[in-house]
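Asks: Following this message is one structure expressed as structure tokens.
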Amino acid sequence: DTDHEIKKSLAVIDWLTLALYFALSVYFLYKAMNRSIWGVGYYLLNFFGQPQYWAWGQVLPGGMRWSLFSALIMLGSVYLNGQETEFREDRGIKRTSMFAILMAINGLIVQYAFSVNFEKSWPVYVEMAKFALLYFVMQKAIQSRRDFMLLNWFLLCGLFYWGFEARILGNLKMEQGRLENFGGPGCAKSNELANIVVSLLPVFVGLIAFVKWKEKFIAVGTILLGINLMMLTQSRGGFVGLIVSGLTIPLVASGRVRKRALQGVALGILAFVLLAGNPEIMARFMRTFTSDTSTLESKRDTTSSESRKFFWKVGLTMIEQTPFGTGGDTFDSKRARRIMQSRGAFHVNNSVHQGYINEALDWGVQGLLIHLGFVFSAIWCAFKTMRFRKKIGDVAAAFYGPCLIGAFAAWLVGCLVGDFFYLEWGFWLVILAVCYTRIFGQENYGVLADTKVTQEQADDGDQDLLRELAVDGA
């Protein structure tokens, strides 16, 4: 009887969730007719709450291309609503956009000139081209400070839902003590899930500085749920990414912003300690920094680490042989398997488990450099915007910058031990950096009235710079 009641309760929850999904879909679609940011909201709803990934969505027809449909809605919304604000041209944003175009062009050249298996490589190129297009479409939808805040809130609500499913509803599929088959497109596996979570958590720390006290509690709650979710994955790459982001934020910040950053990091450490109640999770976390092989679990971790190093060496050999790339999924090929077998591998693998090597394998060393240029150009934009807001006395907007750079750091470190470099959330971080620069940067200061500093903020700012901005008409 108890089991029957539990199943009945779960069925009710599934139907309520399905009803909420459709209610939100209708709301977002209606709002998207008048403002593009809501088209972005619908797209992200179908990333974090894509029906085919959840039990409540199994009643819907199979084979639905939710991501494609929501992306087309977003594109249509941007086209329908057009340009609302006439922003001035920013050289940093222009440079970042040029790298995005070069990525797509380079990929197309490699695809047609060097790809070994055209049919297998083509879907990988199409995915990369879609993300490059997503970069242009999503940032086009951000026309105001409110739009920028909504984009952050959409991402936060998405992670809140995942954390709620895991922590509150307990919808978990644990394999060998790790959370698997949970999440969204491209991040249903434990390592990918950990990487997207630790990439978004610092962004939400930055968001806290912008919002009111009631909203701060929502953001803090989401961060706690996110940390819990990351722990369930038991991803060592996730642990290291979280640590690196925690070090990066106060390191990049300065002055009053650094003081706030240190407070945020301290709260994050406290949350980590409070949530780390599972001894298996803490044991795996500690094994990240030791070479102990006395237990079965530590031996398995060591074997995994050694096998990854082996795959990296194979990947580097392949890059030496074909430095211009041979198209998507290069490591999943007969050539890679022949090299592995010739070196005495007991088993072969279809993933190199290293994002930068994987990028160079697929799209060439030049493709890797272009993609890195795309990322670091965006980071530089965020860094300059952070410094500008600090100079004019806007501590809240200045604090967001180091947090966003901390998010990049977590993601980039994760790419050292996993094939995450080409995945979607890396493009989200670039979009956030570019939009942060467009809304809060010096080039467009004064275009939006609600991004100008108050008199109280200006009193603590660089008076010479503020006078210069006033002369320029900002």
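Asks: Just need a number here: residues in the range 445-471 that are touching a residue at least 60 places away in the same chain (Cβ under 8 Å) and polar (S, T, N, Q).
Replies: So the count comes out to 2.
Asks: Those residues that are without any contact (Cβ under 8 Å) to a residue 12 or more places away in the chain and within 20 Å of Met318 (Cα to Cα), I need them from the range 81-112; list them, please.
Replies: The answer is Ile109, Tyr112.
Asks: Here's another thing I want to ask about it. Restricting the range 113-145 to residues that are free of Cβ contacts under 8 Å to residues at least 60 places away in the same chain and of a type outside the set (A, V, I, L, M, F, W, C), which is nearest to Met318 (Cα to Cα)?
Replies: Glu119
Asks: How many residues, within the range 183-224, are more than 27 Å from Val395 (Cβ to Cβ) and either among the charged types (D, E, K, R) or in contact (Cβ under 8 Å) with a residue 60 or more places away in the chain (or both)?
Replies: Of the residues in that region, 12 qualify.
Asks: Same structure, new question: Would you check which residues across the range 360-372 are in contact with a Leu (Cβ under 8 Å, 6 or more places away or on another chain) and surrounded by fewer than 24 Cβ atoms within 10 Å (Cβ to Cβ) and list them?
Replies: Within the range 360-372, the first condition is being in contact with a Leu (Cβ under 8 Å, 6 or more places away or on another chain), and the residues that meet it are 360, 370.
The answer is Ile370, and nothing else.
Table: residues versus (1) in a helix (DSSP H, G or I); (2) surrounded by 18 or more Cβ atoms within 10 Å (Cβ to Cβ); (3) modelled with pLDDT of 95 or more; (4) touching a Leu at 6+ places or on another chain (Cβ under 9 Å).
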residue: Phe399; (1), (2), (3), (4): yes, yes, no, no
residue: Gly406; (1), (2), (3), (4): yes, yes, yes, yes
residue: Asp419; (1), (2), (3), (4): no, yes, no, no
residue: Cys435; (1), (2), (3), (4): yes, yes, yes, yes
residue: Val447; (1), (2), (3), (4): no, no, no, no
residue: Glu456; (1), (2), (3), (4): yes, no, no, no
residue: Glu468; (1), (2), (3), (4): yes, no, no, no
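Asks: Can you tell me which residue is nearest to the chain's Cα centre (by Cα) among those in the range 116-159 that are among the acidic types (Asp, Glu) and more than 20 Å from Gly184 (Cβ to Cβ)? Show your work before the answer.
Replies: To start, the set of residues in the range 116-159 that are among the acidic types (Asp, Glu) comprises 119, 127, 147.
Going one step further and asking which of them are more than 20 Å from Gly184 (Cβ to Cβ), we end up with 119, 147.
Numbers: Glu119: 28, Asp147: 18 Å.
The extreme case among them is Asp147.
Asks: Could you tell me which numbered condition Ile431 fails, if it satisfies all but one of (1) touching a residue at least 60 places away in the same chain (Cβ under 8 Å); (2) under 14 Å from Thr96 (Cα atoms); (3) open to solvent by 10 Å² or more (accessible area, probe 1.4 Å)?
Replies: With respect to (1) touching a residue at least 60 places away in the same chain (Cβ under 8 Å); (2) under 14 Å from Thr96 (Cα atoms); (3) open to solvent by 10 Å² or more (accessible area, probe 1.4 Å), Ile431 is out only on (3).
Asks: Quick check on Arg308: is it in a helix (DSSP H, G or I) and over 25 Å from the mean Cα position of the chain (by Cα)? Spell out the reasoning first.
Replies: On the way: in a helix (DSSP H, G or I): yes; over 25 Å from the mean Cα position of the chain (by Cα): no.
Spelling it out, it is not the case that Arg308 is in a helix (DSSP H, G or I) and over 25 Å from the mean Cα position of the chain (by Cα).
Asks: Pick from Gly158, Gly177: which is in contact (Cβ under 8 Å) with a residue 12 or more places away in the chain, within 17 Å of Ser70 (Cβ to Cβ) and small (Gly, Ala, Ser)? Before the answer, list the steps.
Replies: Values: Gly177 fails: within 17 Å of Ser70 (Cβ to Cβ).
It is Gly158.
Asks: Another one. Taking helices (runs of 4 or more DSSP H) that do not extend beyond the range 106-214, which have at least 1 residues that are over 24 Å from His371 (Cα atoms), among the basic types (Lys, Arg) and open to solvent by 30 Å² or more (accessible area, probe 1.4 Å)?
Replies: The qualifying helices (runs of 4 or more DSSP H) are 145-167.
Asks: Give me the pairs, please: first residue somewhere in the range 6-28 and at pLDDT below 95, second residue anywhere and in a helix (DSSP H, G or I), beta-carbon distance under 6 Å, and either six or more positions apart or on two chains.
Replies: Asp14/Ala55; Asp14/Trp56; Thr17/Trp56; Leu18/Trp56
Asks: Moving on. Being open to solvent by 50 Å² or more (accessible area, probe 1.4 Å) and of a type in the set (A, V, I, L, M) is the filter here; which residues of the range 74-105 pass it?
Replies: Leu75, Leu80, Met98, Ile101, Leu102, Ile105
Asks: Which members of the range 215-236 meet the condition of being part of a helix (DSSP H, G or I) and open to solvent by less than 20 Å² (accessible area, probe 1.4 Å)?
Replies: Once the filter is applied, which keeps residues that are part of a helix (DSSP H, G or I) and open to solvent by less than 20 Å² (accessible area, probe 1.4 Å), the range 215-236 yields Ala219, Thr222, Gly226, Ile227, Asn228, Leu229, Met230, Met231, Thr233.
Asks: Could you list, in sequence order, the residues of the range 335-352 that are in a loop (DSSP other than H, G, I, E, B) and open to solvent by 100 Å² or more (accessible area, probe 1.4 Å)?
Replies: Within the range 335-352, Arg343, Phe346, His347 meet the criteria.
Asks: Within the range 1-58, how many residues turn out to be open to solvent by 90 Å² or more (accessible area, probe 1.4 Å), of a type in the set (S, T, N, Q) and within 26 Å of Thr85 (Cβ to Cβ)?
Replies: 1
Asks: Still on this structure: For Asn350, only one of the following conditions fails: (1) within 23 Å of Tyr112 (Cα to Cα); (2) at pLDDT 90 or above; (3) within 26 Å of the chain's Cα centre (by Cα). What is its number?
Replies: Failed condition: (2).
The values are calculated or read from the model by the stated rules, or taken from the named source; none is laboratory data. This one's a predicted model, so the numbers in the text were calculated from it and none came from an experiment. Cβ coordinates were reconstructed from backbone atoms using ideal geometry, including for glycine residues, and neighbour counts include every protein chain displayed. In case anyone asks, the SASA skips ligands and DNA or RNA and just uses the protein heavy atoms, side chains included. Shrake-Rupley method; radii C 1.70, N 1.55, O 1.52, S 1.80 Å.
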